Amino acid sequence: MATLLSILFIGGNVLVIALRGASSLGECLFDAETLFAIGLSIRTASVSSLICFVLAIPTAYALTRIHIPLRPVVEVILELTLSLPYIVLGLSLLIIFASPVGKALKEAGFPVVFNQNGIVVAQLAVNLPFAIKLVVTAFSGVDPKLERAAGLLGATPGQCFVTVLLPLCKNTLISAFILVWSRALGEFGATLMLVGITRMKTETLPASIYLNVSTNNLGAALASAFILLVISGISLTIANTLTGSKGWGGRYGEI
């Protein structure tokens with residue numbers, strides 16, 4: 001009975017957005033504001049996800065293949081950041097970038113607060129620990145003996161990384177990137193604190209939902225929600241296909 005109630009509750013939420021959002025999509029999809037929100041969301045999510053993986057891959061390699069002093073402390077910090085409400089992370093970012101640090105960046109041509117650059121920064125802060133967690137899981141699934149064997153045959157650590165570890169994790173890493181990108185697309189709390197919401201300036205799809213609900217334009221809000229639902233569904237399907245996941249017992253079931 002509890003299982004049925006859980007499925008009905010969760011499925012009901014998805015079904016409402018799917019049915020109501022689909023009916024509102026036609027009149028809002030080609031609206032200039034909706035197209036702006038879609039474009040900004042895709043651009044910022046793509047940039048922040050790329051930066052996430054540029055940072056996450058070497059960090060995960062160090063955590064899984066190199067002895068790091070105080071490694072448990074590093075892991076606790078990562079876990080704590082994962083569990084923090086996003087609005088708290090946004091407040092922290094606002095304090096940091098409203099300081100002389102943010103002023104210096106603005107003078108250097110990289111404004112963050114109340115700027116589209118801040119959306120990327122907020123998504124990065126939210127998703128980097130998650131990306132590291134996924135890549136650590138991927139690297140941990142590869143037996144280090146394979147790399148040691150390559151080393152005995154004359155491969156350098158860098159060659160072992162490029163020719164052994166990365167190829168064995170390729171599909172999992174691509175899947176992880178898609179999941180991180182999908183999460184970035186839906187980020188709202190940290191972005192709200194750091195960047196605020198301005199129509200046609202810092203309006204991502206989640207921000208569009210918030211703005212349109214605030215102005216009683218439920219149809220436009222449902223259309224944006226439906227677009228996010230479709231993108232998330234496609235992303236999850238691709239990610240599960242790449243990892244061969246059969247459900248929650250798959251590679252990401254432990255995260």
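Read-outs throughout are calculated quantities, based only on the coordinates presented, and are distinct from any laboratory measurement. Please read all numbers here as calculations on a predicted model, not as lab measurements. Glycine gets a Cβ as well: all are built from the backbone with ideal geometry, and neighbour counts include every protein chain shown.
In this model, which of K133/K201; K103/K133; K103/K201 are farther than 23 Å apart at the alpha-carbon?
On the way: K133/K201 32 Å; K103/K133 32 Å; K103/K201 20 Å.
Flagged as over cut-off: K133/K201; K103/K133.
Could you work out the Rg to Rh ratio of segment 81-147, with Rh taken as the Kirkwood radius (inverse of the mean 1/r over all Cα pairs)?
Values: Rg = 16.4 Å, Rh = 13.8 Å.
Ratio value, two decimals: 1.18.
Note the angle between two axes, namely the Cα long axis of helix 86-97 and the longest principal axis of the Cα atoms of the chain, as a number of degrees from 0 to 90, rounded to the nearest 10.
The angle comes out near 80 degrees.
Could you calculate the contour length gain from E107 to A62, that is, 0.36 nm times the residue separation minus the distance between their Cα atoms, to one decimal place in nm?
Separation in residues times 0.36 nm, less the Cα-Cα distance, equals 12.7 nm.
Sort segment 1-141 into rounded, prolate or oblate with this rule: let a ≥ b ≥ c be the square roots of the eigenvalues of the Cα gyration tensor; rounded if a/c is under 1.5, and if a/c is not under 1.5, prolate when a/b is larger than b/c, oblate otherwise. Provide the component values of the computation, followed by the final result.
Values: a/c = 2.14, a/b = 1.20, b/c = 1.78.
Verdict is oblate for segment 1-141.
Which order, highest average first, do 208-215, 10-17, 92-99, 119-126 follow once you tally other Cβ atoms within 10 Å for each residue and take the mean per peptide? Kindly include the intermediate steps, with their values, before the conclusion.
Values: 208-215: 18.1, 10-17: 11.5, 92-99: 16.6, 119-126: 25.2.
Put in order of decreasing packing, that is 119-126, 208-215, 92-99, 10-17.
What does a probe at I87 reach in segment 94-138, counting residues whose amide N is under 19 Å from the point 7 Å along Cα→Cβ?
The answer is 94-96, 114, 119, 122-123, 125-127, whose backbone nitrogens lie closer than 19 Å to the label point.
Obtain the nm distance between the two label points defined at V162 and L4 by a simple spin-label model: each point lies 7 Å from its Cα along the Cα-to-C-beta direction.
Placing both labels 7 Å beyond Cα along the Cβ direction yields 5.9 nm.
I need the shape label for segment 173-229. Rule: rounded when a/c is under 1.5, else prolate if a/b > b/c, else oblate, with a, b, c from the alpha carbon gyration tensor.
oblate
What translational diffusion coefficient, in µm²/s and rounded to a whole number, does the Stokes-Einstein relation yield for the chain at 10 °C and a viscosity of 1.306 mPa s, taking the hydrodynamic radius as the Kirkwood radius over Cα pairs?
Details: Rh = 20.1 Å.
Translational diffusion coefficient: 79 µm²/s.
By how many degrees, between 0 and 90 and to the nearest 10, does the Cα long axis of helix 205-214 differ from the longest principal axis of the chain?
Helix 205-214 sits roughly 30 degrees off the main axis of the chain.
Could you work out how far apart the two model spin labels at T241 and S46 are, taking each label as a point 7 Å from the Cα in the direction of the beta carbon, and quote it in nm?
So the two model labels end up 2.0 nm from each other.
Once the convex hull of the C-alpha atoms of segment 112-255 is built, how many Å³ does it hold per residue, rounded to a whole number?
On the way: hull volume 17.6 nm³, N = 144.
Each residue corresponds to 122 Å³ of Cα convex hull volume.
With a cut-off of 8 Å between alpha carbons and a minimum separation of six or more residues, what is the relative contact order of the chain in percent?
Working: 282 pairs, mean separation 79.9, N = 255.
Answer for the chain is 31 percent.
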